[in-house]
Each structure stands twice: as C-alpha cells, then as structure tokens.
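The values are calculated or read from the model by the stated rules, or taken from the named source; none is laboratory data. On a predicted model such as this, the values are computed, not experimentally measured, just so you know. Note: ideal-geometry Cβ built from the backbone for every residue, glycine included; neighbour counts use all protein chains shown.
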Amino acid sequence: MPPSFGTSGLRGLVTELTDDLITDMVRASLECCAHGGAVMVGWDLRASSPALARTVVNAIRAAGVQAVCAGAVPTPALAMAAAARGCGAIMVTGSHIPADRNGLKFYTVTGEISKQDEQAILAASGKDWPIAPSSPEVIDAPDTGQDYVARYVSAYGPRALSGLRIGVYQHSSVARDLMMDIFAGLGAIPVALARSEHFIPVDTEAVAAETRKQLAEWCKRHELDALVSTDGDADRPLLCDAHGEVIAGDVLGVLTARALGAQVICTPVSSNSMVEMIPDFTSTHRTRIGSPHVVAAMERVLAADPAAKVVGYEANGGFLLGYTAAGLAGTLPPLMTRDCMLPVIAPLAAAHAKGQPVADMLADLPACFTATDRLQGIPTAASRALIDRLSASPDARAAFFDAGAPEVLLDMTDGLRVHFSGGRIVHLRPSGNAPECRCYAEAPSAAQAQQLLETHMDKLRAALSGRLT
C-alpha cells in the first residue's frame, strides 16, 4: 500500500518514502498548518530515520521556515518542546511497525494535527517541488530530551519510586536512555535490559507470547518490582507488574486518570468498557481509533468547559493530558499528545505511596478484561471486505462469531464491534498503519477474554489466509 495517513501520522514502506514524496508532504504541511515560523524535527532509531529527517529539514529550510533539530528523541518530548517554543514539529517515525516502514507525524503550533489537517495536506500535495540541498541554517535543540526528563522528576520528586527495582526493556526505543534517567531521578533502581542496535518493532497493544514469557523471566531473574518499556518512538507504554504480567494499556489509562483526579475521559471505542463503570469519572466520550480523534474529543470538552479535568488514552496505553494536573511534588502542564511516561509513573507512584505493588491497584477495578492481537500481512482491502460482509449480514455474523452467547449490539464506529450478552465483545478492524487485521476481545474474566481472542484469531486466519502477503 502506498504511503498514507493512518491512525496517527503518514506511514509507508521506506522504499516508497522518496525524497520527492517527503518534500511534497512537508511543503504541503507548511502551506496548510500553522507553524509559527519554525518547525522542530526529531526522529526515532530506525536505520532509515536520519536520512529521512535530513530531507524533512531541507524541505523546511527551502520553504523559508526555520528548522530546529531535536535529534533522536521521543515523540512526546518533541511535542512538548515545540509547544514551549510555539512552533510546529515533524517527527520521523514508523512508531511500532516493522523497520521496512517509516513515516512522519505532524504538529502545528497548537499540537497534533487533526484529521481535517491531514485532508488539507493531501489536497495541497502533488506539486513538483525541487529537492532542496542541505542547509547549514539549522538550529539545534539538544536539551529536548532532558527537558522531558525534568517534567516528571520535578512533578513527582526524588522519592516517588524510592528503592523500587524497575527493569527497563530498552530494545530500540528512542526513550531508552531517558527512561533510565527518569527512574533514577524518581529514586528507583533502573535495570537496563536487552538493548538492541537493530530496530525491534514492539507493539505495546499486542505483545507476543514469546515476549511475555521473556518479560516474566526478566522480572524473576532480576527481582524486579516492575518492568517498563515503550514502542519505537515512545508514545506508547508497556508496564509489567513484579511477575511480568503486562497491564493492558486501557487499564493503565484508567489507573492514571484516577491517580491524577481526572473527571472527563476521551477514549476510542476499542478501549476497555470498565471506564464507564467507575464513579470517579463524570463522563466518557468514545471516539474512533487514533490519537487525532481523541485530541478532537478533548478539544470539544475544553471548548465547552475550559476548566474541565479532561484526559484521553488509547488501548495502546498512550495517554493525553488536557489540564494542569498535580503530581506528588509539583504540577504537570497539559500535554495533548500520546505520552508513554505518565501512564507508567502515575500508577507506580500511586501504588508506592500506598505501600502496595502495582498489581494490587488492579483489585479495585471492575471485573472487565480485554485481550488483543493482530493478523499480519493482510492487505487492508481484504480486511475491509471481510468486515463489510460481516457488518451487512446477520447470517454471516452467526456463522463467523463464536462467543457462546447471542448478539445484542453492533457498533460500527470504527470497524465492527459486536456485543454479546454476558458482557462479551469481539471487535475487528483493519490497522490504520500497516497491512494487518486487528482483533479485540472483552469478557468478565481474563481467561474468557483470552479464549475469545484465540477463537476469533483462528477464525480470521481461516477467513483471510488466502490473502496473506
């Protein structure tokens, strides 16, 4: 599939992200999106990212706009720095998808671009811009990463995680060194694990069984109190308890929102239904999947009530803060882009303050469990064709779905989400970033959710196996 906008940013095969295409998209974004006269540029640790970043910088300078190089930094750190400067930003990253792919994430002076901005960029693209030569007129921003570290150390203080042994699965996360600094600054003992010089596509929303086994082994071997990691550009978190059990991203969202005292929640339709069962939250706004949709919902809430304590999160764990919240030692200014560190630090700090392991925080939550996986190498058109057929035909759904209970509700906000009696849900949708079909399952117990997932992953394989690329 050619490069296109997905759930968050432009993505495509590296071989198709040519200098012509990158230049065209950057120049189009500068025409359509407010940038304040400057654009910050950052990139992840993929082998292809530095060269793509140079093309981005050259295109910015050729447009007569100041380019500010932040270097290899997390996406939320770049977004935070750009907001402080009042300028735009472009992050070169393919996030969690494989190394043969990459992409761009765009930010205006007000933050992450909207779906309307994406359409405007596409409408303005297609011009034959010349490929710009390298320009020496570039400003460096070497403090971007450390400013991000300071955000959390100042808000939570040097004793927030005192004495905890925190494993940091470093792999090829662009935040791997900053995470070590943050946890040391919060009083923890960070333990570096599995640093890689090759890019590893860690998907925090669909953690492979072999990875889960490795996480548990590390926790036991190193006597860890918790283990953390991120995806490639560090806007999605991974948090495991002391036994190496992965805490789902939408559960992290609930724990973080409660720890911060948030009242209004914006989250995609795929997130765990427990959020509607928690009395601390006055309202929940469901969206399509993708951070631009969550941002748009948060902006609507704030337009109606500028003092609203609104947050957003996704099933991948990325957390968005829409108001000035209180940490244990200071305040956290709003950061309305997906962030990996707040949904890790806030639950760990809240549990530590109570003298509990983080696993005990889950006991207070409603009994509602999710599981998710993806079938890779499936053309988007094939996934959509299957989902369209199931959506249109009750007989096709009856033949495909096996939830052990009758269907009670269809939700086609994003893909096909089928509710069955007894609190079971199966949700199918094509990935917005890669040729994958995603499956989400929900049930009253973890074992039921996992069984529901495995059953329907088998059904997806049978239905789509002939379309594997």
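Among the residues of the stretch 370-426, write down those that are in contact (Cβ under 8 Å) with a residue 60 or more places away in the chain, assigned to a strand (DSSP E or B) and aliphatic (A, V, I, L, M).
371, 375, 425
For the stretch 78-102, give me each residue that is in a loop (DSSP other than H, G, I, E, B) and within 19 Å of residue 19 (Cα to Cα).
93, 94, 99, 100
Run down 464, 460 and say which single residue is under 25 Å from the mean Cα position of the chain (by Cα), outside any strand (DSSP E or B) and surrounded by fewer than 22 Cβ atoms within 10 Å (Cβ to Cβ).
Matching residue, one of 464, 460: 460.
Conditions first: (1) at positive phi; (2) in contact with a Pro (Cβ under 9 Å, 6 or more places away or on another chain); (3) surrounded by fewer than 19 Cβ atoms within 10 Å (Cβ to Cβ). Residue 95 passes all but one, so which condition is the exception?
(3)
Taking the options 434, 398, name whichever one is under 22 Å from the mean Cα position of the chain (by Cα) and among the small types (Gly, Ala, Ser). Quick ask: steps written out before the conclusion?
Details: 398 fails: under 22 Å from the mean Cα position of the chain (by Cα).
Unique residue meeting the criteria: 434.
On the basis of being surrounded by 15 or more Cβ atoms within 10 Å (Cβ to Cβ), hydrophobic (A, V, I, L, M, F, W, C) and assigned to a loop (DSSP other than H, G, I, E, B), does residue 183 make the cut?
No, not satisfied.
Return only the number of the condition from (1) touching an Asp or Glu at 6+ places or on another chain (Cβ under 6 Å); (2) crowded, with 24+ Cβ neighbours inside 10 Å; (3) at pLDDT 95 or above that residue 289 does not satisfy.
(3)
Within the stretch 169-180, restricting attention to residues that are within 21 Å of residue 247 (Cα to Cα) and not polar (S, T, N, Q), which residue is surrounded by the fewest Cβ atoms within 10 Å (Cβ to Cβ)?
So the residue we want is 180.
Within the stretch 238-254, can you find the residues that are under 20 Å from the mean Cα position of the chain (by Cα), of a type outside the set (D, E, K, R) and surrounded by fewer than 23 Cβ atoms within 10 Å (Cβ to Cβ)?
Matches in the stretch 238-254: 246, 247.
Return the residue satisfying two criteria in turn: it lies in the stretch 190-213 and is exposed (fewer than 15 other Cβ atoms within 10 Å of the Cβ), over 22 Å from the mean Cα position of the chain (by Cα) and modelled with pLDDT of 95 or more, and of such residues it is farthest from residue 328 (Cα to Cα).
213
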